[in-house]
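Worksheet: the structure to be examined is printed underneath.
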Amino acid sequence: MNSPRIVVMAGSSRREALSRKVAAACIAPLAAAGADVDLVELADHPAPLYNGDLEVESGLPEGIVSLQQRLAAADGLLVVNPEYNGSITPLLKNALDWCSRPNPADRARSGGAVYAGRAAAVVGTSPGALGGMRVLFHVRDILGYLGMQVIPQQLAIGKAGEAVGDDGCLRDPAQREALDKLAQALVDTARRLRR
Ligand SMILES: Cc1cc2nc3c(=O)[nH]c(=O)nc-3n(C[C@H](O)[C@H](O)[C@H](O)COP(=O)(O)O)c2cc1C
């Protein structure tokens, strides 16, 4: 049987985003846990702020259709999210909302179908000490509402500017071990839930 495919997605598209660096550091642990990893850069999937009039007039943006296809091809999702005022970034919320909309031309790979019954995990990042601890609960709530099976393991990476070494891995052995365990639990859950 093929390896479970896991999409990794950071909630910021900023060029020097700390969350993008941590997302990249998640690739090796997921691969070691047996995943086929698809690193999504939200900058590659541009979309205007969701507005129902836009959807009625123009349908789904091209960048959202292609993101839905990547999510639909995956068995699980790992979200690495910075904290904005204790919550989710508008970029990530907008992408999740757009992707939750049905595409009449491709119902199987759009709308709720891209989330429901798939595995998910959340990692928070912050330049501060708490590592985005507060955002974790918001994001897991949103993903759960979308029908994803969010695993209990989670990780808040504080001082994220110094967290990733030159080798692209987390520097702190305790954080590395926690990420390895999260990655294994996500891959195992994705494999179990696979349709
Ligand atoms: C609107 C806004 C709100 C923020 N709120 C928080 C916050 O609640 N907690 C926190 O730790 N950092 C907060 N920050 C700082 C971000 O964690 C910091 O800018 C971080 O580098 C953004 O993530 P990125 O590097 O992945 O782009 C906030 C930044 C912005 C722009």
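The values are calculated or read from the model by the stated rules, or taken from the named source; none is laboratory data. The shown structure was predicted, so the numbers you read here are calculated from the model rather than taken from an experiment. Every residue, glycine as well, gets a Cβ built from its backbone with ideal geometry; the counts of neighbours run over all protein chains shown. Areas reflect the complete protein model, heavy atoms only, side chains present, ligands, DNA and RNA absent. Shrake-Rupley method; radii C 1.70, N 1.55, O 1.52, S 1.80 Å.
Details
- Of all residues in region 60-90 being in contact (Cβ under 8 Å) with a residue 60 or more places away in the chain and within 9 Å of the ligand (Cβ to nearest atom), the one that is farthest from Ala113 (Cα to Cα): Pro82
- Exclusive hit being closer than 26 Å to Arg101 by Cα and open to solvent by 50 Å² or more (accessible area, probe 1.4 Å), set Pro48, Pro4: Pro48
- Total residues in region 153-167 satisfying the condition of being within 16 Å of the ligand (Cβ to nearest atom) and either out of contact with any Pro (no Cβ under 9 Å at 6 or more places or on another chain) or of a type outside the set (Gly, Ala, Ser) (or both): the figure is 8.
- For region 60-80, the set of residues classified as more than 22 Å from Gln154 (Cα to Cα), outside any loop (DSSP other than H, G, I, E, B) and open to solvent by less than 30 Å² (accessible area, probe 1.4 Å) consists of Gly63, Ile64, Leu67, Gln68, Ala72, listed by residue number.
- Residues of region 117-130 that are within 9 Å of the ligand (Cβ to nearest atom) and open to solvent by less than 20 Å² (accessible area, probe 1.4 Å): Gly124, Thr125.
- Test: residue in region 171-192 that is within 16 Å of the ligand (Cβ to nearest atom), assigned to a helix (DSSP H, G or I) and open to solvent by 30 Å² or more (accessible area, probe 1.4 Å): no
- Candidate set: region 131-152, residues that are open to solvent by 80 Å² or more (accessible area, probe 1.4 Å) and over 13 Å from Asn85 (Cβ atoms); chosen: the one farthest from the ligand (Cβ to nearest atom): Gln149
- Enumeration of residues in region 14-59 that are farther than 30 Å from Arg107 by Cβ, within 16 Å of the ligand (Cβ to nearest atom) and not in a loop (DSSP other than H, G, I, E, B): Leu18, Ser19, Arg20, Lys21, Val22, Ala24, Ala25
- The selection criterion, being at pLDDT 95 or above and in a helix (DSSP H, G or I), does not hold for Leu155.
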